[in-house]
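Read the structure below first, then the notes.
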Amino acid sequence: MSKKTIILIPSHNCSRRFINVIKNLRKNNIKNDILIIDDKSSNGSKEIIDNIRRKFKNIIVLKNSINLGQGGSIKRGIKFINNKYHLICTMDDDGQHHHNDVRKIIKISNKIKLNNQIIFGIRDLNFRKTPFKSFLGNKISSTIYKFITNDSLKDTQTGLRLYSTKLAKKFLKIKANGFDFHNIMNYFLIKNKVKIYKIQIKTIYFEKNKKTRFKGIKDTFRILNSISKFYFNLIFSR
């Protein structure tokens with residue numbers, strides 16, 4: 001039996017590129033329901049999201065009354081999604097996830113058991129392909145991940161992930177709400193013995209990622225602080 005997958009996209013102050021993201025999904029026969037969490041965007045971005053809802057079918061929009069952050073928005077989406085869906089595929093709103101990779105991950109999900117597995121879309125974040133802020137942030141977090149877990153994860157911050165709704169409910173326990181949500185999830189998976197199934201995906205950046213909401217060193221240290229707090233709490237909760 002094919003598993004029903006909903007696509008979950010957190011969005012804060014998106015550009016018009018978001019319209020092309022949805023257009024490319026639909027044009028390439030990805031007909032899944034899409035849940036967009038508008039994380040208290042500016043008026044211009046609200047109009048873009050409202051336009052998407054009017055123009056395309058099977059689009060659901062939730063609007064945050066306050067800014068919850070990337071992780072907070074994903075958790076709100078998880079709480080909203082009901083039992084008619086078996087799987088959740090998260091992706092970004094900025095075009096960095098190619099529709100072929102989204103399709104590939106949804107398709108492969110029918111071949112593996114996902115109650116204790118998660119699929120990650122892994123980019124090749126080498127120095128030549130990756131803007132410096134993103135390269136540095138990922139390099140630091142992936143090195144720490146390797147040191148703590150003795151496992152290799154080349155793309156610790158990937159937003160293209162697919163997991164069961166049953167597993168998703170456990171992610172509500174993660175306290176992180178910003179960009180650190182996905183990094184803390186990585187360690188949460190190790191703690192709970194969830195296997196990470198890694199799929200190679202395209203590395204896409206526009207205009208050298210000048211418009212990214214990731215603040216480089218500032219967000220990297222915020223992520224590292226969240227990781228240290230997570231492990232501190234883990235040690236003293238035993």
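Between K113 and K146, the simple label model (points 7 Å from Cα in the Cβ direction) yields a spacing of 3.2 nm. The amide H of V61, built 1.01 Å from its N in the peptide plane, has I36 as neighbours under 5 Å, considering only residues 5 or more places off or on other chains.
Filter the cross-link list K46/K154; K63/K173; K139/K170; K23/K107; K84/K175 down to pairs whose alpha-carbon distance in this structure exceeds 31 Å.
Working: K46/K154 34 Å; K63/K173 22 Å; K139/K170 27 Å; K23/K107 19 Å; K84/K175 26 Å.
K46/K154, as the Cα separations exceed 31 Å there.
Peptides 6-12, 183-189 ranked from most to least packed give 6-12, 183-189, packing being the mean of other C-beta atoms within 10 angstrom over each peptide's residues.
Each value in this text was obtained by applying a stated rule to the coordinates, not by laboratory testing. Predicted, not measured: the structure shown is a model, and the values here were computed from it. All Cβ positions, even for glycine, are placed from backbone atoms using ideal geometry, and neighbour counts span all protein chains on display.
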